[in-house]
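All of the numbers you see were taken from the coordinates with simple rules; none came from a lab. Everything numeric here is computed off the predicted structure, so don't read it as measured data. Neighbour counts run over all protein chains shown; Cβ positions are idealised from the backbone, glycine included.
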Amino acid sequence: LRQRLAVASAAAAVATAGWLYLRHEKERERRQRHARQLRALALSQGDFELRDTAGNPRRKADFLGTWVLLYFGFTHCPDVCPEQLEKLSRALELLERDAALPPLQPLFVTVDPERDDAAALARYLRDFHPRLLGLTGSPERVREAAAAFRVYVSAGPRDADGDYVVDHSVVTFLLDPDGFFRDCYNRSSTAEEVARSVRRHMENYEPLLP
């Protein structure tokens, strides 16, 4: 009887181990499938080769491991960009009240590199959240960055003084620590709505890359 019990116990242990292994493999396959689905999204492939206001080269890979809020705009924007950056700053302040939340890096990418050099960006961003990082670059690099995130950009006609307005998509992108697109917020989104959405994504986040 004891021998039968021992054999039965051993068989049960083997079966349990096998079941746990299969469950682990299924979970691993699910995560890999999810990662492939995210990679298939065009926005997840978005990248940039720009420079920050200190002249340091910056790519999306530099921010892996950190949540990112990314907005495209320009310093001569009369109303929309200041409005969006104020909203972004307010959302960041709301999130910073919870010290348990992971780091979040806000980025402002210019769509007007002709006028928005590093010095101009630095001056402009002083009026907003202190951690807001400005990025600029050559016209070609800026166009590539906007195209990578499907951001529409079109410079309008110049007036007698050579001034002009740049028409562009008004959207803020949320990227997770793996560099994948998670959500976006348009002009109608409030700071409170953005903060709630970002918090929800952070709380439900599962790393997808090793």
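Tabulated data
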| read-out | value |
| --- | --- |
| Fully extended contour minus Cα-Cα distance, from ARG150 to LEU22, at 0.36 nm per residue | 42.0 nm |
| Estimated distance in nm for a label pair at ASN56 and GLU93, the labels positioned 7 Å out from Cα along Cα-to-Cβ | 2.6 nm |
| GluC sites (Glu not before Pro) restricted to DSSP loop in segment 77-159 with at most 16 other C-beta within 10 Å | GLU114 |
| Rounded to 10°, Cα long-axis angle of helix 2-40 versus longest principal axis of the chain | 20 degrees |
| Correct choice for P(r) over Cα pairs in 10 Å bins from 0, in percent that was computed from the model, options (1) 8, 29, 32, 22, 8, 1, 0; (2) 8, 36, 39, 16, 1; (3) 8, 29, 29, 14, 7, 5, 4, 2, 1, 0, 0 | (3) |
| Helix 139-148 axis, angle to the chain major axis (alpha carbon atoms, nearest 10°) | 40 degrees |
| FRET efficiency, 1/(1 + (r/R0)^6) with R0 35 Å, evaluated for GLU29 and ASP127 via beta carbons | 0.10 |
| Free-standing Cys, the chain [no other Cys Cβ under 4.7 Å] | CYS184 |
| Degrees, to the nearest 10: 80-96 long Cα axis against longest axis of the chain | 40 degrees |
| Sparse-neighbour loop sites [trypsin sites (Lys or Arg not before Pro); segment 128-188; at most 10 other C-beta within 10 Å; DSSP] | ARG158 |
